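Take a look at the structure below.
Read the figures in this text as sums done on the coordinates, not as results from a lab. Everything numeric here is computed off the predicted structure, so don't read it as measured data. Note that each Cβ is placed from the backbone with ideal geometry, even for glycine, and that neighbours are counted across all protein chains shown.
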Amino acid sequence: MPLRLVDLGIRSGRADTTELNRLRLDCSPTRAANEYAALSHRWGDAPPEERFRLTNENLSAWQGFLDLTTLPSTFQDAVLVARGLGIRYLWIDTLCIKQDDSADLEAQLQKMEEIFACAYVTISATCATSDTDGFLNRRDSQRSYHTLHIPDGTGKLQTVYLCDSIDDFKQDVEESELSERGWIFQERVLSRRIIHFTSKQTYWECGSGVRCETLTKLHK
């Protein structure tokens, strides 16, 4: 388990609805939980002092209470996805590594392989160019379709929709701006399974291949 994780308040596979905005930075290395999600994302161009980040100054406060509504949009979306999957803990580099502590940075960066290799799932904010963008509900356009009315065995007309193909994992993921970063390539290689949130659709990637939101299976 990583040294620090964000506790999302999940109990028995469901979020505590009475405290949906209350998060906590868990710094206990001996917790019993063994599943966490990791976020793969771009920081953006904001200078370090303007980023939402863990420091020596706010460490104690975040261990007691971390307000979800104050997090950048990309982080808020990652919380929603992890909670939706019933995962209690979430690892985000700028929230779980002290950004103003060179010793902590060096120690934790040496553990990147373990952190992403041991995560239950990696959430990839593929379509977000910064922490403030968010990655949910960022679709380029509505998918076009054609309607056909076909009789079934009883002669009753059934409606069938023929949709344009939007499955392009190479363009949407492998050639995305996010994948141009060297550390992102490392995170993808090390992860056991990844959910890629792109501007066209969501892709699920694991060792056996890629599944598309359109129910298509792609082979690597």
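For every other residue with a beta carbon closer than 13 angstrom to the beta carbon of Ser165, add +1 if it is Lys or Arg and -1 if Asp or Glu, then tell me the sum.
-3
Rounded to the nearest 0.05, what FRET efficiency is calculated for Gln171 and Leu109 with R0 set to 35 Å and r the Cβ-Cβ distance?
Taking R0 as 35 Å, the efficiency between Gln171 and Leu109 is 0.70.
Counting other Cβ atoms within 10 Å of each Cβ, which GluC sites (Glu not before Pro) in segment 131-220 have at most 12 and sit in a DSSP loop?
Glu175, Glu177
Where nothing but the Cβ of Lys and Arg (+1) and of Asp and Glu (-1) is charged, how large is the charge dipole of the chain around its Cα centre, in debye to the nearest 20?
The calculation lands at about 940 debye.
Counting other beta carbons within 10 Å of each residue's own, what order do Val189, Val79, Val121 fall into, fewest first?
Val189, Val121, Val79
Going by how many other Cβ atoms sit within 10 Å of their own, how do Leu80, Leu178, Leu162 line up, fewest first?
Leu162, Leu80, Leu178
Which value in nm describes the separation of the simple spin-label points at Arg181 and Asp101, placed 7 Å from the Cα toward the beta carbon?
With each label point 7 Å from Cα toward Cβ, the separation is 2.2 nm.
Dividing the alpha-carbon Rg of segment 92-185 by 2.2 N^0.38 Å yields what?
Ratio of Rg to 2.2 N^0.38 Å for segment 92-185: 1.76.
Quick one: Cα convex hull volume of segment 67-127, Å³ per residue?
That works out to 109 Å³ per residue.
Return, ordered by residue number, the residues of segment 101-129 whose backbone nitrogen is under 18 Å from a label point located 7 Å along Cα→Cβ of Arg211.
In segment 101-129, the label zone of Arg211 (backbone N under 18 Å from the point 7 Å along Cα→Cβ) covers 120-124.
Taking the number of other C-beta atoms within 10 Å as the exposure measure, put Ile195, Ile184 in order starting with the fewest.
Lowest count first: Ile184, Ile195.
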